[in-house]
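Okay, structure first, notes after.
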Amino acid sequence: MGDCSAAINLLDEGVMIAIEVQPGARHEGLVGFNEWRQRLQIAVRAPPQDGKANSSILDLFSELLELPVSRIKISSGHTSRKKAIMISESSFEEIVEKINDLLHEVS
């Protein structure tokens, strides 16, 4: 499995992660990294209705990265499967390392 750093960017506001979401999935979690699309693949059980899937995405990232949900927000793609997650007050290197470790666990 490739290095996920292509999906993660350091911006002035924080660390941005490009993701692609599968709402209404049977299992929830980090599924993998799509090297062609340069996005993390995320599955959530919640349906894509009334912001339920978006809320589940924030909770999932909070759990995966061991960060308070208040430091994580969806910065773009609120109604799309392709989204950008912004994480504040975290280092780029720390986020890349944690996500690469998680990807090795699922591969």
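Computed quantities for the displayed model
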quantity: Most mobile of P23, P48, P68 in a GNM of the chain (Cα contacts under 10 Å); calculated: P68
quantity: Over the chain, relative contact order from alpha-carbon pairs under 8 Å, at least 6 apart, %; calculated: 31
quantity: Packing-based exposure ordering (other Cβ within 10 Å, fewest first) of I99, I85; calculated: I99, I85
quantity: Lysines with Cα under 23 Å of K52, excluding same-chain neighbours fewer than 8 positions away; calculated: K73, K82, K83
quantity: Label-point gap, in nm, between H104 and E35 - each point 7 angstrom along Cα→Cβ; calculated: 1.8
quantity: Ranking of K82, K73 by count of other Cβ atoms within 10 Å, fewest first; calculated: K82, K73
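Taken together, the values in this text are just the output of simple stated rules run on the coordinates, not laboratory data. These figures come from a predicted structure and were not determined experimentally. With ideal geometry, Cβ positions are generated from the backbone for all residues, glycine too; neighbour counts draw on all protein chains shown.
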